Amino acid sequence: MKRLSLLLLLVVLTASGCAGREIMQDNYVKGTAAYDEDYPVDAFILLKPAADWGNPNAQYLIATMYDFGRGLRVDHEEANVWYLRAAQEGQDDAQYNLAISYKRGEGIEQDDAMAIYWLGRAAAQGDQDALGVLEDYADNGESEAQYAMARIYRDGASLHPGNPSLYPDEEDDQAITPDPEQYLYWLNLAAEQGHPEAIKEAAAVEAALGKGE
């Protein structure tokens, strides 16, 4: 009897979870429409439960509402809380905006290392804005940014890899194609700056090229 009761409880909880997901998805769709049509109060009311439920796109939109004062008072600290939640789930727009917050010290302690980290995460998903800012850091001699640029040109970057559910209306076309010349350029710069992983990788590449001669 006890085992049967536990089984029934599991079934009820599973059904409740499925229903909850459907409701939150519906809230997200309606909230996005309200956001796009510039009804920020309605958008917030609909998007907030979806964001609390864990929808990263809803979290990103809530963050922008705090960041830019769309229907809410401007609160950069709260915006960064929501950007971080969405960024950790792979939302590349949130990763980029969080990086910019770190770069500027807006609502968060200024931290170039964290800015580079999130720029690299976003650029690896094909975010061209993130790639541009990351390249600026790399041009200014930041070895971590240089190594991130090398990895991107080594592997290429697809739009939103592994997360098609976040972007159902977008094709998963490759945004940045692998480029051996750019890869070696940035890898060698990072190695020259003393980046330990770049040094190891550059040595491995050199050894491989030597064997191929």
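Can you name the residue in segment 133-145 that is touching a Phe, Trp or Tyr at 6+ places or on another chain (Cβ under 9 Å) and among the small types (G, A, S) and, of all such residues, is surrounded by the most Cβ atoms within 10 Å (Cβ to Cβ)?
A145
Contact list please: Cβ distance under 8 Å, first residue in segment 35-63 and farther than 22 Å from Q95 by Cβ and free of Cβ contacts under 8 Å to residues at least 40 places away in the same chain, second residue part of a loop (DSSP other than H, G, I, E, B) and hydrophobic (A, V, I, L, M, F, W, C), pairs at least six apart or on different chains.
Here the result reads P40/L72; F44/L72, each pair linking segment 35-63 to a residue that is part of a loop (DSSP other than H, G, I, E, B) and hydrophobic (A, V, I, L, M, F, W, C).
Would you call G194 surrounded by fewer than 15 Cβ atoms within 10 Å (Cβ to Cβ), within 16 Å of the chain's Cα centre (by Cα) and at pLDDT 90 or above?
no
Identify, please: which residue in segment 97-116 is in a helix (DSSP H, G or I) and in contact (Cβ under 8 Å) with a residue 24 or more places away in the chain and is, among those, surrounded by the most Cβ atoms within 10 Å (Cβ to Cβ)?
The qualifying residue surrounded by the most Cβ atoms within 10 Å (Cβ to Cβ) is A99.
If A130 satisfies all but one of (1) surrounded by 18 or more Cβ atoms within 10 Å (Cβ to Cβ); (2) within 30 Å of E22 (Cβ to Cβ); (3) within 12 Å of the chain's Cα centre (by Cα), what's the number of the condition it fails?
A130 satisfies every listed condition except (2).
Looking only at segment 34-80, filter to residues that are among the charged types (D, E, K, R) and assigned to a loop (DSSP other than H, G, I, E, B); which one of those is nearest to I108 (Cα to Cα)?
D75
I199 - would you say it is under 26 Å from Q59 (Cβ atoms) and either modelled with pLDDT of 95 or more or touching a strand residue (DSSP E or B) at 6+ places or on another chain (Cβ under 7 Å) (or both)?
no
The values are calculated or read from the model by the stated rules, or taken from the named source; none is laboratory data. Not measured: the values here are computed from a predicted model. Methodologically, a virtual Cβ is constructed for each residue, glycine included, from the backbone with ideal geometry; neighbour enumeration extends over all protein chains shown.
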